[in-house]
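Below: the structure, in structure tokens.
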Amino acid sequence: MVYGDQAMHNEKILIVDDVESNRFILQEIIESMGCKPVLARGGEEALEMMHKSPPQLILTDISMPGMDGYELCRILKGNETTKHIPVIFISAFDNPQAIVEGLSYGGEDYITKPFVAEVIKARVGVHLRLNEAQRELMEMNRHLKASVDEQLKQIESEKKSILFALANIAAQNLDYQKEHSRRLGRNCRILAQGMQLSPVFEDRVSDTFIDTAELAAPLCDIGKIGIPKEILEKEEPLTKEEAAVLQTHTKIGSRLLHDLYVSNDYNDFIGISADMIRHHHENWDGSGYPDGLKGDEIPLAAQIVSVMEQYTALTGNGGFGRTEALDAMKKEAGIRWNPDIFEICSKISRQLC
């Protein structure tokens, strides 16, 4: 039988035995296979050597002073970095119960003394090849996962592009300017950053939340792409029926985003965006639509965009100044929007664009 194949070429084998003669016998056998033996006199010494340079396989005696082979195996199999290293037990006893106990600790095989060179070579060779195959499989899985993740990332990017293209069409139908969408997203980011510094909201506003809030805010009226143009462009007051149709844009937009759901990674963006779109017309006192949510039943992202949408609209196109807009909005703090959020908005208003 040939043992010096590619799977075993210069592989490091750790031999753990408190009996010097046993270590030397095993050393010669392992060297004859073309592998590199490393010797340890007990479990404690073996662990120290493992930290410096992990082997590809371990041959360990069971009965040793201090840490025995079972304990050594238990420790190795409980460690994420060493649990995949094959452990073969060596013992002078061929008691079936001892064999079962060794395997129960995670050991891969069991060899009894006295040593038979061909048996040791065959057992070590099998487990080295199995370990090499496992490493190759794990590497293949890693490459496959990276490839799939990259494809999902591309899909997510393309679907976000679709969302923003639809949002631009909706904005054109409403005669919105790109500057309005840019300011809305930027102002939502600034407000969310201010909230992150507040003890009231700091545990609810992460850096990822802030980034997503800025990106998602311009999508809040995307559902209006499904509203008849004659309603959107009507200059006279809407009838009760027409107003009801207009209000459905929150549900249309939310459903549109959920239909584009791809993966768990994408779900953060979808979740925050859908919250904004569906609930940005909910009011703090429960008088809004579509679900009549009130107080903190309203998702935080929707509370933010509700305040900033009004501020951005009032201060755009030569409208109100900063102070005038805040004075007008203050009357509805606690009615339309969260008074704590409005207070933070007022404090950081000089940073708003």
ask   = Within the range 79-96, how many residues are part of a loop (DSSP other than H, G, I, E, B) and either over 23 Å from Gln134 (Cβ atoms) or open to solvent by less than 70 Å² (accessible area, probe 1.4 Å) (or both)?
value = 8
query = Of all residues in the range 191-224, which are crowded, with 20+ Cβ neighbours inside 10 Å, farther than 19 Å from Trp337 by Cα and of a type in the set (Val, Ile, Thr)?
reply = Thr212, Ile222
Which numbered condition Ile335 misses (of (1) open to solvent by 60 Å² or more (accessible area, probe 1.4 Å); (2) among the hydrophobic types (A, V, I, L, M, F, W, C); (3) in a helix (DSSP H, G or I)) = (3)
note = Subset of the range 45-78, residues open to solvent by 30 Å² or more (accessible area, probe 1.4 Å) and either assigned to a strand (DSSP E or B) or closer than 13 Å to Ile15 by Cα (or both), comes to Glu45, Leu47, Met49, Pro54, Gln56
note = A careful count of residues in the range 117-153 that are open to solvent by 80 Å² or more (accessible area, probe 1.4 Å) and over 37 Å from the mean Cα position of the chain (by Cα) gives 2
task = Would you please list the contacts, defined by Cβ atoms under 6 Å and residues six or more apart or on different chains, that run from a residue in the range 318-344 that is in contact (Cβ under 8 Å) with a residue 24 or more places away in the chain to a residue that is in a loop (DSSP other than H, G, I, E, B) and among the β-branched types (Val, Ile, Thr)?
result = Asp340/Val200
query = Applying the selection to the range 270-317, what residues are out of contact with any Leu (no Cβ under 7 Å at 6 or more places or on another chain) and among the charged types (D, E, K, R)?
reply = Asp275, Arg278, Asp285, Asp291, Lys294, Asp296, Glu297
key: Failed criterion for Leu103 (all others in (1) in contact (Cβ under 8 Å) with a residue 12 or more places away in the chain; (2) of a type outside the set (Val, Ile, Thr); (3) at negative phi; (4) surrounded by 13 or more Cβ atoms within 10 Å (Cβ to Cβ) hold)   = (1)
ask   = Got a number for residues in the range 17-43 being more than 14 Å from Ile88 (Cβ to Cβ), open to solvent by less than 30 Å² (accessible area, probe 1.4 Å) and in contact with a His (Cβ under 9 Å, 6 or more places away or on another chain)?
value = 0
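For the range 106-126, which positions are assigned to a helix (DSSP H, G or I) and closer than 19 Å to Glu80 by Cα?
Listed by number, the list is empty, since nothing qualifies.
The values are calculated or read from the model by the stated rules, or taken from the named source; none is laboratory data. Owing to the predicted nature of the structure, the values given are computational and were not obtained by experimental measurement. Note that each Cβ is placed from the backbone with ideal geometry, even for glycine, and that neighbours are counted across all protein chains shown. Ligands, DNA and RNA are stripped out before the accessible areas are found, and what is left, the full protein with its side chains, is counted by its heavy atoms. Shrake-Rupley method; radii C 1.70, N 1.55, O 1.52, S 1.80 Å.
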